[in-house]
Amino acid sequence: MRNAWDAATAPPASQPLEQLVYTSRLLGREPALVLHGGGNTSVKTTVTDLTGDAVDILHVKGSGWDMATIEAAGFAPLRLDRLRQLLTLDKLSDTDMMNELRCASVDAGAPDPSVETLLHALLPHTAVLHTHADALLALTNQPGGAEIVEKVFGRSVVVVPYTMPGFDLARRCADTVPGQIGPTTVGVVLLHHGLFTFGADVEEAYRRHIELISRAEQHLAERRPPAVRTSQAAAPVDPLRLARLRHEVSGAAGVPMLLTRHGDPEIQAFVSRPDLQEIARRGPATPDHVLRTKRIPLVGADVAGYARDYRRYFEEHRERRGTALTMLDPAPRVILDPELGLLTAGRRAKEAHVAYDIYRHTIDIIELAERIGTYRALPAADIFDVEYWELEQAKLRRGRAVPDFAGEVALVTGAASGIGRACADALRARGAAVVGVDVDPGIAELDEDDFLGAHADVTDPEAIDSAVRRAVDRFGGIDMVVAAAGVFPRSRRLAELDMSTWRRTMSVNVDSIAYLFSRLHPFLALAPRGGRAVVVASKNAPAPGPGAAPYSASKAAAVQLARVAALEWAGDGIRVNVVHPDAVFDTGLWTDEILQQRARHYAMTVEEYKRRNLLHTEITSARVADLVAVMCSDAFGATTGAQIPIDGGNERVI
């Protein structure tokens, strides 16, 4: 493990909180140490309060902050004397403990302190750092983990048997750790949990942390080389197979879920192990991972069987906590399959991504552990205690707002600009994962957790097929489609009609939708909440204008196509509707010069021209997109085959 401390950029020891921010970021940016909000750090200082009294303060990482990006505001400043008073108690529920920690804060606006705050307060050293290093877990997650740790680190660390995080862990450490700390002790190893190091300042604690992790890595490297198992990345699979699997996962969860596929050579080597069924079911690397991945993955594709086993696991352990528990959904969050690779599920794309990161590191930990012995996780009962922790159950009781389209996937054509881009933004804002398709190559540069940009000409069947495959690989299916791609050729009278322009307009505005619909129907039919399709047509369909024959005819044909789809797909629970925008001037079709020309033609200002409708209101891409999003929502749950104008009122349409 490389020591990344840079004396030239690190804050001085005279600025301990700033130094802690710097060090926390160093640790947080190393995924082999912490992942997605894991780990915590602290530093002790003395401040003068408003009355002039000196107050000892523990600055500890706040809940919800990620160490990779944490700022000074992410640390909760707590009265150290109060924390140490709490450590004298024999018993304290974790709910009461968190309330006491909040009450110990000297800043009412600070975040909730880490659940491991009392352990930081217990250690007398100025700086304390805590991570869940892969290499360390490979040592501790063994039948003889304590002996291995003592052999590797000697008297440099105190070893603490696994104890439930929270007050129980702090109480156990208070009883055992202080008496074992000697002159050479620089850290504490919590079996099946992680590493704490401490020091007179933050830099010393960091240096000791890296040194201990490096010793663990060296031990693993010296004992046995990794097994030679060559493999290639996962081969392409039938997208419909993935969509069906996602449909089953969503059914087990009771809500729409996203399903993301991964299959690099290392993953493929792991899922191809002959002992996969047994080794993958031993449990998570640390108990807190259960909150993101569940206790064990599904090996294979029997979702119903996994759900039955989960219910049995819940019933077997539900009395352990001594209180009424709300069972979590029984759907898997991690799926391992020799053909499919590694799949992770989540209500949001970020959740699936976090589950992937955690299990990808779990694979590394298992492989490292197997080099020197046998990977062994904690018993199911201990994992259950964390999964159904009173603090987590309290979150369930409080509930949280869920976006309308959480767990759902929308494919939007023409998504790089104008109405298409606005539709993509509106659906994302309502919780959907979006696949944006556009002929603009720049769309491919837009790649975020909940957005996949696919560069494709909608008239190219192979490009569309590729975009659909990528969409399903990334999110597990397609629930909504918004056909917004279109062209508006230069105005010409029929007598001047150019047939190549006619054919090009029909190809983009009609043929591409027909092909897209033909390919997407089976995916829409598997949508957990029913498939939805919205065609962005135009006022020109019901009220064509002179000089726009290709555009008007193509939009009218697209409407007829949508009507047929509505008739054919209703039995599959798929709704198909049409929106007719008019005079949307914030798209690429309208330049300032053209707007000024058209306004002069009608003897109007540009602003008057934009509102040249019965309601005298401006129609923007965002307003069209909001309507499209509503048409995809439950508000239109009993509507299909409808044509909705959004034009401010047009006499010819009315």
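The values are calculated or read from the model by the stated rules, or taken from the named source; none is laboratory data. Remember, it's a predicted structure, so these values are computed and weren't measured experimentally. Because the Cβ atoms are built from the backbone with ideal geometry, glycine has one as well, and the counts that use them run over all protein chains shown. Accessible surface areas use protein heavy atoms only, side chains included; no ligands, DNA or RNA. Shrake-Rupley method; radii C 1.70, N 1.55, O 1.52, S 1.80 Å.
So which residues in the stretch 564-594 are part of a helix (DSSP H, G or I), among the small types (Gly, Ala, Ser) and in contact (Cβ under 8 Å) with a residue 24 or more places away in the chain?
Listed by number, the residues that qualify are Ala565, Ala566, Ala570.
Check Val158, Val152 and return the single one that is free of Cβ contacts under 8 Å to residues at least 40 places away in the same chain and over 33 Å from the mean Cα position of the chain (by Cα).
Val158
Please work out if Leu561 is open to solvent by 40 Å² or more (accessible area, probe 1.4 Å), in a helix (DSSP H, G or I) and in contact (Cβ under 8 Å) with a residue 12 or more places away in the chain.
Spelling it out, Leu561 is indeed open to solvent by 40 Å² or more (accessible area, probe 1.4 Å), in a helix (DSSP H, G or I) and in contact (Cβ under 8 Å) with a residue 12 or more places away in the chain.
Among the residues of the stretch 544-558, which ones are in contact with a strand residue (DSSP E or B) (Cβ under 8 Å, 6 or more places away or on another chain) and in contact (Cβ under 8 Å) with a residue 60 or more places away in the chain?
Matches in the stretch 544-558: Ala558 only.
Which of the following residues is open to solvent by less than 30 Å² (accessible area, probe 1.4 Å), more than 16 Å from the chain's Cα centre (by Cα) and within 24 Å of Leu136 (Cβ to Cβ): Ile365, Ile358, Ile372?
It is Ile365.
Could you grab me the full set of residues in the stretch 428-449 that are touching a helix residue (DSSP H, G or I) at 6+ places or on another chain (Cβ under 6 Å), closer than 25 Å to Pro461 by Cα and not small (Gly, Ala, Ser)?
Val434, Val435, Val437
Could you please find all residues in the stretch 595-611 being open to solvent by 80 Å² or more (accessible area, probe 1.4 Å) and not in a helix (DSSP H, G or I)?
Across the stretch 595-611, the qualifying residues are Tyr602, Ala603, Arg611.
If you take the residues of the stretch 162-190 that are open to solvent by 10 Å² or more (accessible area, probe 1.4 Å) and hydrophobic (A, V, I, L, M, F, W, C), which of them is nearest to the chain's Cα centre (by Cα)?
Ranking the qualifying residues of the stretch 162-190, first place goes to Met164.
With respect to Pro544, determine if the residue is open to solvent by 40 Å² or more (accessible area, probe 1.4 Å), closer than 26 Å to Asp647 by Cβ and either in a loop (DSSP other than H, G, I, E, B) or out of contact with any Asp or Glu (no Cβ under 6 Å at 6 or more places or on another chain) (or both).
Here the answer is yes, as Pro544 does meet what is asked.
What number of residues in the stretch 68-126 are more than 24 Å from His193 (Cβ to Cβ), within 27 Å of the chain's Cα centre (by Cα) and among the acidic types (Asp, Glu)?
Count: 1.
Does any residue of the stretch 388-404 turn out to be acidic (Asp, Glu), at negative phi, at pLDDT below 95 and more than 22 Å from the chain's Cα centre (by Cα)?
Scanning the stretch 388-404 turns up at least one residue that is acidic (Asp, Glu), at negative phi, at pLDDT below 95 and more than 22 Å from the chain's Cα centre (by Cα).
Being in contact with a helix residue (DSSP H, G or I) (Cβ under 7 Å, 6 or more places away or on another chain), among the small types (Gly, Ala, Ser) and assigned to a loop (DSSP other than H, G, I, E, B) narrows it down to one residue among Ala401, Ala410, Ala415; which is it?
One residue alone meets the criteria, Ala415.
Taking into account only those residues within the stretch 129-161 that are among the aliphatic types (A, V, I, L, M) and under 24 Å from Leu391 (Cα atoms), which is surrounded by the most Cβ atoms within 10 Å (Cβ to Cβ)?
This residue is Leu129.
For the stretch 518-541, enumerate the residues that are among the small types (Gly, Ala, Ser), surrounded by 23 or more Cβ atoms within 10 Å (Cβ to Cβ) and farther than 17 Å from Thr587 by Cβ.
Correct list: Ala527, Gly531, Ala533, Ala541.
Tell me which residues, restricted to the stretch 612-654, are of a type in the set (Val, Ile, Thr) and not in a helix (DSSP H, G or I).
Thr617, Ile619, Thr620, Thr639, Thr640, Ile644, Ile646, Val653, Ile654
Write out, first by first residue and then by second, each pair whose Cβ atoms fall under 7 Å of each other, whose residues are 6+ apart or on separate chains, and whose first residue, in the stretch 616-633, is closer than 23 Å to Leu411 by Cβ while the second is among the charged types (D, E, K, R) and open to solvent by less than 30 Å² (accessible area, probe 1.4 Å).
Note: pairs meeting the criteria are Cys632/Arg532.
For the stretch 514-541, enumerate the residues that are outside any helix (DSSP H, G or I), under 33 Å from the mean Cα position of the chain (by Cα) and hydrophobic (A, V, I, L, M, F, W, C).
Ala525, Leu526, Ala527, Ala533, Val534, Val535, Val536
Which pairs do you get when a residue that is of a type in the set (Lys, Arg), found in the stretch 350-373, comes within reach of a residue that is in a helix (DSSP H, G or I) and open to solvent by 30 Å² or more (accessible area, probe 1.4 Å), reach meaning Cβ atoms under 8 angstrom, with the pair 6+ apart or on two chains?
As it stands, the answer is Arg371/Arg223, since those pairs meet every condition given.
Out of curiosity, is Thr413 open to solvent by less than 20 Å² (accessible area, probe 1.4 Å) and within 11 Å of Ala485 (Cα to Cα)?
Here the answer is yes, as Thr413 does meet what is asked.
If you take the residues of the stretch 631-654 that are out of contact with any helix residue (DSSP H, G or I) (no Cβ under 8 Å at 6 or more places or on another chain) and open to solvent by less than 40 Å² (accessible area, probe 1.4 Å), which of them is nearest to Ala533 (Cα to Cα)?
The residue in question is Met631.
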